[in-house]
Every structure is written in C-alpha cells, then in structure tokens.
1. Take the residues in segment 165-187 that are touching a helix residue (DSSP H, G or I) at 6+ places or on another chain (Cβ under 7 Å) and in a loop (DSSP other than H, G, I, E, B), then tell me which one is surrounded by the most Cβ atoms within 10 Å (Cβ to Cβ).
2. Out of 58, 51, I need the residue that is under 26 Å from residue 103 (Cα atoms), free of Cβ contacts under 8 Å to residues at least 40 places away in the same chain, more than 15 Å from the chain's Cα centre (by Cα) and surrounded by 14 or more Cβ atoms within 10 Å (Cβ to Cβ). Which one?
3. Given the criteria surrounded by fewer than 19 Cβ atoms within 10 Å (Cβ to Cβ) and either under 22 Å from residue 21 (Cα atoms) or out of contact with any strand residue (DSSP E or B) (no Cβ under 6 Å at 6 or more places or on another chain) (or both), does residue 128 qualify?
4. Restricting to segment 131-146, give me the number of residues that are at pLDDT below 95, open to solvent by 40 Å² or more (accessible area, probe 1.4 Å) and in contact with a Phe, Trp or Tyr (Cβ under 8 Å, 6 or more places away or on another chain).
5. Since residue 159 meets every condition but one in (1) touching a Ser or Thr at 6+ places or on another chain (Cβ under 7 Å); (2) more than 20 Å from residue 100 (Cα to Cα); (3) part of a loop (DSSP other than H, G, I, E, B), which condition does it not meet?
6. Scan segment 250-257 and tell me whether some residue there is assigned to a loop (DSSP other than H, G, I, E, B), out of contact with any strand residue (DSSP E or B) (no Cβ under 6 Å at 6 or more places or on another chain) and buried (at least 20 other Cβ atoms within 10 Å of the Cβ).
7. Does residue 227 meet the test of being over 21 Å from the mean Cα position of the chain (by Cα) and open to solvent by less than 30 Å² (accessible area, probe 1.4 Å)?
8. For residue 69, indicate whether it is modelled with pLDDT under 95 and more than 19 Å from the chain's Cα centre (by Cα).
Amino acid sequence: MPEPQPLPRDPAASPEPAVFARRTAVVTGAAGFIGSHLCERLLDLGAEVVGIDNLLTGRLDNLSHLRSADGFQLQADDVTQPFTVVGPVDFVFHLASPASPLDYARHPLATLKVGAMGTLNGLELAEAKHSRFLLASTSEVYGDPLVHPQPEQYWGNVNPVGPRSVYDEAKRYAEALTSCFQRTGSTPTRIVRIFNTYGPRMRADDGRAVPTFIQQALTGEPITVAGDGSQTRSLCFVADTVAGLLAAATSDHPGPVNLGNPHEITMLQLAEEIRAMTGSTSEITFVPLPADDPKRRCPDITAARAHLGWEPTTHLRDGLRQTLDWAQQHFPRQSTATAGRSAS
C-alpha cells in the first residue's frame with residue numbers, strides 16, 4: 001500500500017496556541033469518539049472543559065480517564081433542548097450527532113434534530129456567552145461527489161430524500177444556520193468539514209469500515225467489503241483531526257474548511273491491509289453497496305494548509321497500528337454482526 005511522504009511536523013506533539021490555557025471550552029458530543037479526544041487535548045492545553053452529551057451514541061467509557069480530572073465536568077444534557085452552562089465560556093465546539101451510517105439509520109429523527117435544534121441551541125449559547133462557535137460538519141455535505149478531490153467551493157451531489165439524507169441534510173442545514181450567525185455578526189463562527197476519521201475509541205459495532213474490518217479480522221469472521229471494493233475513502237487519524245479542530249477554532253478563517261487526509265485508499269486495499277496487520281485468516285467477501293454510498297471521497301486541503309497551517313502527518317499504517325492495539329484490548333471477542341452494512 002503506497003504511503004504519503006512524511007511531513008515535517010507532528011500536530012499531536014506540536015504546541016497549540018496558548019489561547020486555550022485558562023479558557024473554558026464547551027464540547028457537545030463529548031462522550032463520542034472524536035469528542036472525547038478533543039476534551040482530552042483541551043485539558044492537556046490547560047483549558048477548563050464542560051462536556052455535554054445525552055449518551056445516545058456516546059459512551060461514558062470514552063471519558064472514564066477524564067471524569068476525575070481537574071477542570072473537567074460532564075453535563076448529561078440533550079442539546080436539542082435549550083441548555084446552558086454556569087460561568088463564562090470562550091469556545092463552543094459542536095460535535096454532537098450520530099455520525100456513522102448505522103447510527104443515523106437507527107436514530108433518523110434525533111440526527112435531524114441535533115443538526116437543526118442542537119446547532120441553534122449551541123449557537124445561542126455561544127451568543128449569550130460572547131464566545132466563539134465551531135461547527136463540526138462533514139464530508140457528507142458533498143454527497144456522492146461529481147468533483148474530485150472535493151474543494152470547499154463544491155456544492156455537492158446529495159440525494160435530499162435518500163437514506164443518508166437525515167445526516168447529509170442535517171449538516172448542510174447546520175452549516176447554513178452557522179453561516180447566518182456569522183454573517184449577521186452576532187457570533188464569530190467556524191465551520192470544518194471532517195472527512196473519515198479513525199483511531200482508538202471507535203465502537204466495534206458502529207458500522208464504519210475501520211472498526212468493522214478490525215473486528216472481523218480479530219474474530220476470524222469474513223471481512224465484508226461493500227460493492228467491488230473500488231470505492232475510496234481518505235482516512236485521517238484522530239489526533240490529526242483534533243489538531244485541525246483546534247487550529248480552526250483559533251484561526252481568522254470562518255470556513256468552511258476541509259479536515260482530512262488527501263491520501264486515498266480503496267476499501268479493498270484497506271481490508272487487505274487490516275487483514276495483513278492482524279495476521280488474520282479471514283476471507284474477504286463482497287456484499288451489496290449501500291444506497292447513495294459515495295464512490296470516491298478525498299479532500300482538497302489547500303484551504304486548511306493556507307488558512308490553518310494544518311495538514312495531517314500520521315501515516316495510515318501508524319494510525320492503524322495504534323487503533324489495532326487499542327481494539328485488541330477493548331473490542332469484544334465475538335462478532336458484532338455489523339458485516340457489510342457500511343464502508344464509510
């Protein structure tokens with residue numbers, strides 16, 4: 001599998017702006033995969049963190065090592081209802097939402113509500129607290145793209161009534177709402193479009209390709225690849241994504257800006273790589289491609305490089321090794337029966 005050339009810095013190790021020290025950040029979706037890593041990094045930088053999560057898809061286990069940390073508190077609020085926090089707030093990071101195809105298929109109305117009302121309530125909190133608001137949007141706003149790689153200027157090719165529309169359109173509306181607050185001058189906002197991210201703390205049963213393939217390989221189950229496996233994704237390690245979120249939050253660029261790894265890989269290549277890394281004897285089998293599944297997904301990160309000084313640096317094998325090491329300790333020893341439901 002070809003690897004990108006090493007870049008000269010490690011965003012997980014390099015210092016983020018000191019602006020986070022002794023500041024208060026609210027993170028919605030704090031118990032989720034990316035949200036928990038963001039909370040951890042903010043605490044490392046000296047911020048006070050208020051995590052908000054109703055645990056619909058998030059897990060308390062993701063925050064178990066932070067629950068007693070100085071400067072961290074968790075509020076069990078549903079952000080689709082008005083909520084507030086005590087004291088001053090400097091940053092609101094809105095990450096709350098089901099994020100995998102299986103999750104938003106299970107919770108379609110909740111996904112629409114958190115994209116609409118959850119975003120509005122987060123923006124109104126930021127407005128009331130005179131703080132900066134960052135929306136974690138998604139590459140799904142591009143749908144099944146007709147432009148490759150996808151720049152921020154591309155408006156997308158989205159099916160507004162398809163099975164993925166509850167997530168796609170919720171995020172597109174969230175971007176419109178966030179942009180409205182920015183244009184009216186009531187709240188400084190930032191929009192980032194997160195491409196496929198992977199790493200420790202992904203759920204074995206969330207249906208996304210990396211944890212599904214790892215779980216299947218570790219249990220000896222067939223590794224199920226959707227379609228013929230030629231569809232591509234661009235996988236960004238979670239530490240790189242979090243570094244991008246922090247860079248965006250402190251930048252002067254309102255966005256939207258893509259956060260992702262421009263190294264493209266087919267789902268068949270990914271399955272073969274994970275099978276080789278685990279030493280698994282699992283066979284690779286093919287299952288029907290889900291409706292509206294994007295055939296190619298790869299970010300144009302020109303804007304992130306220019307405006308945020310950001311680009312990912314973790315090689316796929318290095319990130320997969322860290323993810324695999326974590327999964328071997330935390331994934332169940334039996335199949336989670338998510339085979340083939342998504343290759344996103």
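The values are calculated or read from the model by the stated rules, or taken from the named source; none is laboratory data. The structure displayed is predicted, hence computed values, not measured ones. Note that we place each Cβ from the backbone using ideal geometry, even for glycine, and neighbour counts take in every protein chain shown. Areas reflect the complete protein model, heavy atoms only, side chains present, ligands, DNA and RNA absent. Shrake-Rupley method; radii C 1.70, N 1.55, O 1.52, S 1.80 Å.
1. 187
2. On the way: 58 fails: more than 15 Å from the chain's Cα centre (by Cα).
Going through 58, 51 in turn, just one is under 26 Å from residue 103 (Cα atoms), free of Cβ contacts under 8 Å to residues at least 40 places away in the same chain, more than 15 Å from the chain's Cα centre (by Cα) and surrounded by 14 or more Cβ atoms within 10 Å (Cβ to Cβ): 51.
3. Numbers: surrounded by fewer than 19 Cβ atoms within 10 Å (Cβ to Cβ): yes; either under 22 Å from residue 21 (Cα atoms) or out of contact with any strand residue (DSSP E or B) (no Cβ under 6 Å at 6 or more places or on another chain) (or both): yes.
Spelling it out, residue 128 is indeed surrounded by fewer than 19 Cβ atoms within 10 Å (Cβ to Cβ) and either under 22 Å from residue 21 (Cα atoms) or out of contact with any strand residue (DSSP E or B) (no Cβ under 6 Å at 6 or more places or on another chain) (or both).
4. The total comes to 0.
5. (2)
6. Looking for residues that are assigned to a loop (DSSP other than H, G, I, E, B), out of contact with any strand residue (DSSP E or B) (no Cβ under 6 Å at 6 or more places or on another chain) and buried (at least 20 other Cβ atoms within 10 Å of the Cβ), one finds none in segment 250-257, hence no.
7. In short, yes.
8. It is true that residue 69 is modelled with pLDDT under 95 and more than 19 Å from the chain's Cα centre (by Cα).
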